[in-house]
């Protein structure tokens, strides 16, 4: 059995600035696997997962069609950890609130880079939408305790 995280630990983990991997059912045909793409996201413990994208993108189309998505965030350093959430889309904000887009940029970039990024991509504000998802199902693993069990056996 995987060593899962307690609720507070998994929510704090998801709230850290990590690149997430979004998964959504691909409704374009029966020969398609789910769309799985890396993405910036926002999350505060106890809140919703926020994902912004271009309103005309395949990702936005599939999110609207499916009405739900999953997101996985991981720590690639040993011992490995991950949190995966899945749930319904609770709101689509069109266009994205400039304050939300700015907060996402500052979550992933240092202040100077964020300012430059926001200035260079300001036109995207007219094209981007925000999807809000309420986490319904959680999966997590923290291999720290598991790794400690066999670390001394070498």
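The values are calculated or read from the model by the stated rules, or taken from the named source; none is laboratory data. The model shown is predicted, which means the values in this text are computed figures rather than measured ones. Cβ placement follows ideal geometry from the backbone for every residue including glycine, while neighbour counts extend to all protein chains displayed.
Just give me the residues in the stretch 69-102 being surrounded by fewer than 15 Cβ atoms within 10 Å (Cβ to Cβ) and either in contact (Cβ under 8 Å) with a residue 60 or more places away in the chain or farther than 30 Å from residue 113 by Cβ (or both), in sequence order. Selection gives 78, 80, 88, 90. Just a yes or no: is a residue in the stretch 129-141 in a loop (DSSP other than H, G, I, E, B) and either at pLDDT below 90 or over 16 Å from the mean Cα position of the chain (by Cα) (or both)? There is no residue in the stretch 129-141 that is in a loop (DSSP other than H, G, I, E, B) and either at pLDDT below 90 or over 16 Å from the mean Cα position of the chain (by Cα) (or both).
Could you tell me whether residue 63 is in a strand (DSSP E or B) and closer than 15 Å to residue 24 by Cα? Write out each step before concluding.
On the way: in a strand (DSSP E or B): no; closer than 15 Å to residue 24 by Cα: yes.
Spelling it out, it is not the case that residue 63 is in a strand (DSSP E or B) and closer than 15 Å to residue 24 by Cα.
Restricting to the stretch 120-136, what's the tally of residues that are crowded, with 16+ Cβ neighbours inside 10 Å and over 15 Å from residue 60 (Cα atoms)? Final tally of qualifying residues: 1. Of 46, 29, all but one fail to be part of a loop (DSSP other than H, G, I, E, B), at positive phi and in contact with a helix residue (DSSP H, G or I) (Cβ under 9 Å, 6 or more places away or on another chain); the exception is 46.
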